[in-house]
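Chemist: Quick one: this structure, given as structure tokens, is what I'll be asking you about.
The values are calculated or read from the model by the stated rules, or taken from the named source; none is laboratory data. From a predicted model like this one, the values you see are computed outputs, not experimental measurements. Neighbour counts are summed over all protein chains in view; Cβ atoms, including those assigned to glycine, are modelled from backbone coordinates with ideal geometry.
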Amino acid sequence: MESFIYRNHNLYCEDVSLAALAAEYGTPCYVYSKAFLRSRSQAYLQAFSGHKHLVCYSVKASSNVQLLKLFGELGLGCDIVSGGELFRAKLAGIPGRKIVYSGVGKTADEISQALAYKILFFNVESESELYLINRVAAEMDLIAPVSIRVNPDVDPLTHPYISTGLKENKFGIPIECAEKIYLEGSEKLKNIKFMGVDCHIGSQLTNLSPFRDSALRLRGLIERLAMGGLHLKYVDLGGGLGIKYDCEDVPEVKQLSDIFTDVFEGLDLTIVLEPGRSMVGNSAVMLTRVQFLKHTSGKNFAIVDAGMNDMLRPSLYGAFQKIDKVDINFENSAQFSDVNYDIVGPICESGDFLAKARSLPKLEQGDLLAVRGAGAYGFSMSSTYNSRPRPVELLVDGSSVTVIRERETYEDLVKGENLGR
Ligand code: LLP
């Protein structure tokens, strides 16, 4: 489904004009479509409806409590990676039994908070972490539910910074070592209960074969463990499904569910998923306004009011985010002479850009632009670098608009700082 469409030459989110939102709430500004978020949740729930499943939205992709609440109401759980994300999930009313906890560096405090909240399981990424969880659980007189995140050594065929399933990556326990750890752990670690096995091989995967390869390796491990007397109940297949940023071909959730249900056919397992980007990526745009135009020899710069602090992906990964002019005046043919622009922000770094050599209709000072595909790893990776307050976040539902996070103020910037008065 598409929630951002042109009506009478103006880009809308559902029934709300983006130009009107920018006028009322200012720029930069993140705008999410509730209908889109609902439809992605339903796509996952329907695709896996023929199998025992739990869809745990990966909070890091976009962590606003109102989005988590919406997903919770629709029946989803959460995949968290920190005490802060646990705090958000609790605020959103996500029950512990629908939370899985991943990440390579969990602290004793974070582990005890998650144990107290009775999460479904920890995805354990090293032997030392397993021992720490066992110790913390013993101190609390609890049994900790655990899955081991295995590293299946499968190439996800994606950007190296977002690949996690190769043996040179820091994530998970090499699959060939996992069997011994499970079987010895079941014997020795009295405060651990092994619930399942987990893997997440990378993000923005547009090819399905790495998903099948890693699922097959997990099935082999599950069967070997069963022969050793350890019967797991869950297989957590992580997130990673890619989305359309430009004109890439992306698989449907149903194609992914067909692969997984086929690979695990005949085993009594609940399939857990941790989708992030494919839930929220195309649910939002970031609005930004052209401040100045600057022409130097051979370059056209459009200096906009959003920087790498507001949207980091292009600077950090060289990621492509589609950019559209919010109002297109078809009567003015001059608008259609495409020009190549570098769309750059106000931050004092040459790496501060949203797009390079991007062909756009002729721009003018004050024009409003929509950066598409901004819902995943957009606001959640924003910062206040250069002491820039972070943008407002808006949620559109039909013709109604809710501020789900206010624009930060200068006072927010110095909150907690010793002002030396
Ligand atoms: N589960 C685990 C353990 C993860 O590490 C991740 C993402 C996910 C699930 C969700 O993956 P997704 O469905 O969103 O692909 N900042 C980067 C992406 C980093 C992904 C980190 N892990 C970007 O902007 O492309």
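Chemist: Among the residues of the stretch 1-31, what is the count of those that are under 27 Å from residue 250 (Cα atoms), of a type outside the set (A, V, I, L, M, F, W, C) and in a strand (DSSP E or B)?
Modeler: So the count comes out to 4.
Chemist: Identify, please: which residue in the stretch 262-306 is of a type in the set (A, V, I, L, M) and surrounded by fewer than 24 Cβ atoms within 10 Å (Cβ to Cβ) and is, among those, farthest from residue 54 (Cα to Cα)? Can you show your working first?
Modeler: Start the filter on the stretch 262-306 by keeping residues that are of a type in the set (A, V, I, L, M), which leaves 263, 267, 269, 271-273, 279-280, 284-287, 290, 293, 302-304, 306.
Then keep just the ones that are surrounded by fewer than 24 Cβ atoms within 10 Å (Cβ to Cβ); that gives 263, 267, 269, 271, 290, 293, 303.
Working: 263: 17, 267: 16, 269: 11, 271: 6, 290: 43, 293: 49, 303: 44 Å.
Top of the filtered list is 293.
Chemist: So, of the residues in the stretch 1-14 that are surrounded by 14 or more Cβ atoms within 10 Å (Cβ to Cβ) and touching a residue at least 24 places away in the same chain (Cβ under 8 Å), which turns out to be farthest from residue 403 (Cα to Cα)?
Modeler: As a first pass, look at the stretch 1-14 and keep what is surrounded by 14 or more Cβ atoms within 10 Å (Cβ to Cβ): 3-4, 10-14.
Filter once more, so that each one left must be touching a residue at least 24 places away in the same chain (Cβ under 8 Å): 3-4, 10-11, 13-14.
Details: 3: 18, 4: 18, 10: 22, 11: 20, 13: 14, 14: 16 Å.
Checked the stretch 1-14; the qualifying residue farthest from residue 403 (Cα to Cα) is 10.
Chemist: If you go through the stretch 174-218, how many residues are touching a residue at least 60 places away in the same chain (Cβ under 8 Å), away from the ligand (no atom under 15 Å from the Cβ) and of a type in the set (Asp, Glu)? Explain how you work it out, then say what you get.
Modeler: Within the stretch 174-218, the subset touching a residue at least 60 places away in the same chain (Cβ under 8 Å) is 192, 195-196, 198, 200, 203-204, 213-214, 217-218.
Next, only the ones that are away from the ligand (no atom under 15 Å from the Cβ) stay: 192, 195, 213, 217.
Now restrict to residues that are of a type in the set (Asp, Glu): 213.
Final tally of qualifying residues: 1.
Chemist: Inspect the stretch 313-321 for any residue being under 19 Å from residue 19 (Cα atoms) and charged (D, E, K, R) and give the result as yes or no.
Modeler: Let us first name the residues in the stretch 313-321 that are under 19 Å from residue 19 (Cα atoms), namely none.
No: zero hits.
Chemist: Hey, another quick one. Does the stretch 177-197 hold any residues that are within 30 Å of the chain's Cα centre (by Cα) and farther than 16 Å from residue 220 by Cα, and which are they?
Modeler: Correct list: 192, 193, 194, 195.
Chemist: Follow-up. Counting just the residues of the stretch 286-325 that are small (Gly, Ala, Ser) and part of a loop (DSSP other than H, G, I, E, B), which one comes out farthest from the ligand (Cβ to nearest atom)?
Modeler: Going through the stretch 286-325, the residues small (Gly, Ala, Ser) turn out to be 297-298, 302, 306-307, 315, 318-319.
Of the ones still in play, those that are also part of a loop (DSSP other than H, G, I, E, B) are 297-298, 306-307, 318-319.
On the way: 297: 33, 298: 30, 306: 16, 307: 16, 318: 11, 319: 6 Å.
Across the stretch 286-325, the extreme among qualifying residues is 297.
Chemist: Hand me the list of helices (runs of 4 or more DSSP H) wholly inside the stretch 68-141 holding 3 or more residues that are of a type in the set (Asp, Glu). Working first, answer last.
Modeler: Numbers: elements: 83-91, 108-116, 127-139.
Result: 127-139.
Chemist: Follow-up question, since we're still on this one. Using beta carbons and a limit of 6 Å, which pairs, at least six apart or on different chains, have the first residue in the stretch 388-399 and under 15 Å from residue 63 (Cβ atoms) and at pLDDT 95 or above and the second one among the basic types (Lys, Arg) and crowded, with 19+ Cβ neighbours inside 10 Å?
Modeler: Listed by first residue and then by second, the contacts come to 395/34.
Chemist: For the stretch 131-190: of the residues being at pLDDT below 95 and among the small types (Gly, Ala, Ser), which is farthest from residue 112 (Cα to Cα)?
Modeler: For the stretch 131-190, the residue satisfying everything is 163.
Chemist: Additional query: For the stretch 166-174, state whether one or more residues are crowded, with 22+ Cβ neighbours inside 10 Å and within 20 Å of residue 266 (Cβ to Cβ).
Modeler: Within the stretch 166-174, not a single residue is crowded, with 22+ Cβ neighbours inside 10 Å and within 20 Å of residue 266 (Cβ to Cβ).
Chemist: For the stretch 247-267, what are the residues that are more than 14 Å from the ligand (Cβ to nearest atom) and in a loop (DSSP other than H, G, I, E, B)?
Modeler: Hits for the stretch 247-267 are 247, 249, 252, 264, 265, 266, 267.
Chemist: Let me ask you something else. From (1) of a type in the set (A, V, I, L, M); (2) touching a residue at least 24 places away in the same chain (Cβ under 8 Å); (3) under 24 Å from residue 246 (Cβ atoms), pick out the condition that doesn't hold for residue 357.
Modeler: (2)
Chemist: A follow-up question, please. Suppose we filter 52, 60 for residues that are basic (Lys, Arg) and crowded, with 18+ Cβ neighbours inside 10 Å; which single one remains? Walk me through how you get there before you give the answer.
Modeler: On the way: 52 fails: crowded, with 18+ Cβ neighbours inside 10 Å.
The conditions single out 60.
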